[in-house]
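The values are calculated or read from the model by the stated rules, or taken from the named source; none is laboratory data. Everything numeric in this text was worked out from a predicted model, so none of it was measured. Using ideal geometry, Cβ is built from the backbone for each residue, glycine included, and neighbour counts are taken over all protein chains shown.
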Amino acid sequence: MTIAARIAEVRARIAEACRAAGRDPRSVELVAVSKTVEAARCAEAVAAGQQALGENYAQELRDKARLVAGARWHFIGPLQRNKVKYVVGTAELIHSVDSRALADEIAARAEKLGVVQRVLVQVNVGGEAQKSGCAPGETAALVEACAARPSLRCEGLMCIPPLEGDPAPSFRQLRQLAAGLGLRELSMGMSADFAAAIAEGATLVRVGTAIFGARSQHVGRP
């Protein structure tokens with residue numbers, strides 16, 4: 001299948017999941033995860049009408065942003081503070097703020113550039129040592145810390161559920177956290193589980209394999 005056909009298929013599945021959940025399909029945005037995908041294939045996705053692309057590696061984002069016209073970039077991977085300079089002002093939304101120190105670095109860079117950087121707080125819903133994200137109990141404090149910085153706008157939460165087991169409880173937990181904090185955006189759900197995420201209120205789903213196929217070797221990764 002072509003990339004355009006795969007995008008159409010994923011969008012149809014998103015619409016079906018929304019109908020099953022009694023939601024408007026327009027309430028869910030598809031972010032095509034393009035990490036390690038060559039710039040030419042990213043451009044093919046944009047030509048097919050898929051503007052929102054998600055990158056995991058800061059320097060890969062920087063390089064592709066110079067090559068792919070018309071894309072709206074999301075940064076969805078763990079972000080090191082020394083790589084913030086490659087992301088702020090290029091990514092319209094950073095999904096992975098997981099500490100006050102990172103929020104401070106993003107805010108300082110955004111202030112220097114004269115922009116307001118949109119962000120999400122990443123929550124480690126499964127308490128997994130190998131995953132980024134703040135603990136659920138620390139979420140409110142981190143959201144408040146972001147809100148105190150004029151050059152940041154925290155719009156919601158993000159999570160990656162544990163690989164094993166039913167992801168729905170993790171998605172439900174994130175939705176409840178966001179509701180308690182008055183946040184609207186929920187970045188949750190990937191190729192294998194985005195229907196469950198939509199049922200629990202996802203507003204952003206991050207889909208890569210179903211659009212671009214299996215990952216190749218890292219392209220442009222630092």
Checklist outcome for this item: Scanning region 44-83 for residues that are assigned to a helix (DSSP H, G or I) and over 19 Å from the mean Cα position of the chain (by Cα), the one surrounded by the most Cβ atoms within 10 Å (Cβ to Cβ) turns out to be E44
Checklist outcome for this item: Among (1) at pLDDT 95 or above; (2) farther than 18 Å from E185 by Cβ; (3) out of contact with any helix residue (DSSP H, G or I) (no Cβ under 6 Å at 6 or more places or on another chain), L142 falls short only on (2)
Next on the checklist: Testing G114 on (1) over 21 Å from M158 (Cβ atoms); (2) in contact (Cβ under 8 Å) with a residue 40 or more places away in the chain; (3) surrounded by fewer than 20 Cβ atoms within 10 Å (Cβ to Cβ), one condition comes back false. Which one is that?
Outcome noted: (2)
Next on the checklist: I want to confirm something. Restricting to region 183-193 and keeping residues that are surrounded by 24 or more Cβ atoms within 10 Å (Cβ to Cβ) and touching a strand residue (DSSP E or B) at 6+ places or on another chain (Cβ under 6 Å), which single residue is nearest to G54 (Cα to Cα)?
Outcome noted: S187
Item to check | Any chance R153 is surrounded by fewer than 16 Cβ atoms within 10 Å (Cβ to Cβ), part of a strand (DSSP E or B) and touching a Lys or Arg at 6+ places or on another chain (Cβ under 6 Å) | outcome: yes
Next on the checklist: Among the residues in region 159-166, are any touching a residue at least 12 places away in the same chain (Cβ under 8 Å), surrounded by 13 or more Cβ atoms within 10 Å (Cβ to Cβ), over 17 Å from the mean Cα position of the chain (by Cα) and over 24 Å from G89 (Cβ atoms)?
Outcome noted: no
Item to check | Residue under evaluation A145, criteria (1) of a type in the set (G, A, S); (2) surrounded by 13 or more Cβ atoms within 10 Å (Cβ to Cβ); (3) over 18 Å from A107 (Cβ atoms); (4) over 19 Å from the mean Cα position of the chain (by Cα), criterion not met | outcome: (3)
Checklist entry - Out of all the residues in region 23-43, which are within 16 Å of the chain's Cα centre (by Cα) and assigned to a helix (DSSP H, G or I)? => result S27
Item to check | Residue match in region 157-180 (condition: assigned to a loop (DSSP other than H, G, I, E, B), more than 25 Å from A129 (Cβ to Cβ), touching a Gly at 6+ places or on another chain (Cβ under 6 Å) and not basic (K, R)) | outcome: no
Checklist entry - Quick one: what pairs do we get from region 118-129, first residue without any contact (Cβ under 8 Å) to a residue 40 or more places away in the chain, second hydroxyl-bearing (S, T, Y) and outside any loop (DSSP other than H, G, I, E, B), C-beta under 9 Å, 6+ apart or different chains? => result V119/S96; V121/S96; V121/T139; Q122/S96; Q122/S187
Checklist entry - Looking only at residues in region 1-29 that are among the basic types (K, R), surrounded by fewer than 19 Cβ atoms within 10 Å (Cβ to Cβ) and in contact (Cβ under 8 Å) with a residue 40 or more places away in the chain, which one is nearest to M190 (Cα to Cα)? => result R13
